[in-house]
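Below you'll find the structure, written out as structure tokens, and then a few comments.
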Amino acid sequence: MTLTKKLAAEFIGTFWLVLGGCGSAVLAAAFPDVGIGLLGVSLAFGLTVLTMAFAIGHISGCHLNPAVSVGLWSGGRFPASELGSYIAAQVAGGLAGAAILYVIASGQAGFDVTAGFASNGYGEHSPGGYSLIAALVTEIVMTFMFLIIILGATDKRAPVGFAPIAIGLGLTLIHLISIPVTNTSVNPARSTGVAIFQGDWALSQLWLFWVAPIVGAILAGVIYKWFETEEKA
């Protein structure tokens, strides 16, 4: 598979993740009387990854997330030569997804993008008012566990064909835990896409949603690589 096709797949997949996941939060979470709520948004994010893993996993590996690409690299599963290109395609896809979401959401009277637009935040911009430290720890640990799930489910020793299900459900669980803390990122491309449109505080706090997921991903890659090391007799 050519790099161009891989990058196109990553763009489309990340576009879907942001449109599907953030779209569920912006358009449907609190819709009058029949809003899907936290559970629905969590499931929506998981479903975007699950569906794309089956759709493009065989093309690009379905990373959809700079932290995933970095974690796979640190775990010895992904070449450094393609890392920058993958991240650029993911961020571009996230921006495209956020742009389409903005066009749709702004079609409703009274829409206010500065209200949040599914952006990630801490302190006064955390859904539950959680501190910077709480947000930092949450994003590191949640991304760490997400990469452990990905690395384990795609291990050649794991049952074949079930990885998308484990990864999608893993992301759903992560959102169920951490939406109240940071609105759940574990994905710098997802955070960047909506932050660009929200502007203001989302951009000023965006650094955390790059640093923490990447730190968690690198740690997971290193540790899972140790799991893969064969013990010498």
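The values are calculated or read from the model by the stated rules, or taken from the named source; none is laboratory data. Predicted model only: the values in this text are computed from it and were never measured. When we count neighbours, we look across all protein chains shown, and the Cβ atoms used for this are built from the backbone with ideal geometry, even at glycine. Only protein heavy atoms, including side chains, enter the accessible area calculation; ligands, DNA and RNA are left aside. Shrake-Rupley method; radii C 1.70, N 1.55, O 1.52, S 1.80 Å.
Per-residue Karplus couplings for segment 59-74, computed as 6.51 cos²θ - 1.76 cosθ + 1.60 with θ equal to phi - 60°, are listed in order as 9, 10, x, 6, 6, 6, 6, x, 5, 5, 4, 5, x, 5, 5, 5 Hz, Gly and Pro entered as x.
Compared with the dominant Cα axis of the chain, that is its longest principal axis, helix 163-182 is turned about 40°. For the chain, the solvent-accessible area works out to 45 Å² per residue, with a probe of 1.4 Å and every protein chain left in place.
Against the main long axis of the alpha-carbon atoms of the chain, helix 83-105 sits at an angle near 20°.
Considering only protein heavy atoms and a 1.4 Å probe, what is the carbon-and-sulfur percentage of the accessible area of segment 25-106? Taking all protein chains in place, segment 25-106 shows 72 percent carbon and sulfur surface. Computed extension gain for ILE223 through ALA80, at 0.36 nm per residue and net of the alpha carbon distance, reaches 49.6 nm. The chain gives an Rg/Rh value of 0.97, both radii derived from C-alpha positions and Rh following Kirkwood. When peptides 54-61, 214-221 are sorted by average Cβ neighbour count within 10 Å, with the highest value leading, the order is 214-221, 54-61. Listed by chain and number, the lysines whose C-alpha is less than 25 Å from the C-alpha of LYS225, apart from same-chain residues fewer than 8 away, are LYS6, LYS156.
The modelled label-to-label distance for the pair LEU38/ILE104, using points 7 Å beyond Cα in the direction of Cβ, is 2.4 nm.
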